[in-house]
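A short write-up of the structure that comes next.
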Amino acid sequence: MSGKLELKSACCGGEHSSEPSEPMAVSTTLTFWNILRRWGYRWGMGRMSAVVTPGLYQVGTPDEKSLVLVSANYRMSFDIVRSVLTGRSVWILVIDTKGINVWCAAGKGTFGTEELVKRVLQHKLGDYVSHRRLIVPQLGAPGVAAHEVKRQTGFLVQYGPVRARDLPAFLDTGQASAEMRRVTFNLGERLAVVPIELLPAFFPMVLIAAGIAWAAGWQTGAAFLCVGLLAPIAVPAFHNWLPGTWLSIKGIAWGVAGTVITGFAFGLEWFNLLMLFLSAGAVSAFIALNFTGATTYTSVNGVKLEMRRMLPFIISGAGVGLLGWIFMAVRRFWL
């Protein structure tokens, strides 16, 4: 054990040119840069490079009796986990999820049995701990066959709490309460995904609104911009009050409500109002579809079904709206 515990340091989860052969020490303190970078990920900045090198990490001074937590190699996930372990000595086994968080990676299969088994054996986890117990995030359960992990590695999988903030209490008691097992979808959690959808939509919305303003007047363009830019905020914010179970339907509902509100606010004529509904409704429905991976009730098959059923309507609405704006431009400038 003494030779094995000669650790290489890790700079708070930074990238490494190659996977480490020895455990790496990691701090539980998040620096200003860590926090700033995490904020940037929420807005999609640097998101594609938000990875931690897979491997075995140590928090504090773990020994052969210390527990082993399993984490995805998405940097935000890793940072959140290590930040709640202040004053503790544990091992963190980071598996390669291609920089995807636990929940999404479990659905995609990258947080799965094969990868977990591979890392346990590759990093010779049995040489570092005398027990045979892995604490896996509950949200990783869909991708992990616990009996296969036990058969191939000898390690027993125990599922930890849904939220990292509950880890200290879980580690103290060894049990997860009913509250720790409950997956929530409250307002704060819904709004947390707004920035990653709002930023990519901003410039396309501005360009489309400029085109509509040129074709049908600035009031109509401004109305579209209001409805379109508010869609990534309104759909998750009013999720529980918008009708329907499919998010695309909720997006259309917001498109209708937003069109009525802005249409009357800007005093639009009935034809402009109709084209605005078709265009803004299609855009809102498409944006709403992007939130399916963040909900607690959608599944891969359900999302595929929704896309098959709704995309033809979304495309048709956008197409008819485009023809309407072209007609408006022709009538305005050439007739």
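Laboratory data are not the source of any read-out in this text; all were calculated from the coordinates shown. Keep in mind it's a predicted model, so treat the numbers as computed, not measured. Cβ: placed from backbone, ideal geometry, glycine included. Neighbour counts: every protein chain shown.
The set of residues in the range 85-123 that are within 16 Å of Gln58 (Cβ to Cβ) and touching a residue at least 60 places away in the same chain (Cβ under 8 Å) comprises Leu85, Arg88, Val90, Trp91, Ile92, Arg119, His123. Of all the criteria given as (1) within 24 Å of Val193 (Cβ to Cβ); (2) out of contact with any Cys (no Cβ under 9 Å at 6 or more places or on another chain), the one not satisfied by Gly293 is (2). If the condition is being out of contact with any helix residue (DSSP H, G or I) (no Cβ under 8 Å at 6 or more places or on another chain) and surrounded by fewer than 17 Cβ atoms within 10 Å (Cβ to Cβ), then the range 127-150 contributes Asp127, Ser130, His131, Arg133, His147, Lys150. Filter the range 25-54 down to residues that are over 15 Å from the mean Cα position of the chain (by Cα) and closer than 13 Å to Thr97 by Cβ and give me whichever is surrounded by the most Cβ atoms within 10 Å (Cβ to Cβ). Here the residue is Val52. crowded, with 19+ Cβ neighbours inside 10 Å and of a type in the set (Lys, Arg): does that describe Arg75? It is true that Arg75 is crowded, with 19+ Cβ neighbours inside 10 Å and of a type in the set (Lys, Arg). If the condition is being surrounded by 18 or more Cβ atoms within 10 Å (Cβ to Cβ) and either within 25 Å of Gly126 (Cβ to Cβ) or among the aliphatic types (A, V, I, L, M) (or both), then the range 181-195 contributes only Val194. Take the conditions touching a residue at least 60 places away in the same chain (Cβ under 8 Å) and over 23 Å from Phe170 (Cβ atoms) and apply them to Arg82. Does it pass? When the stated conditions are applied, Arg82 does not pass them.
Mind listing whichever residues of the range 300-328 are small (Gly, Ala, Ser) and either exposed (fewer than 15 other Cβ atoms within 10 Å of the Cβ) or not in a helix (DSSP H, G or I) (or both)? Hits for the range 300-328 are Gly302, Ser316, Gly319. Among the residues of the range 106-113, are any out of contact with any Asp or Glu (no Cβ under 9 Å at 6 or more places or on another chain) and β-branched (Val, Ile, Thr)? The answer is no; no qualifying residue exists.
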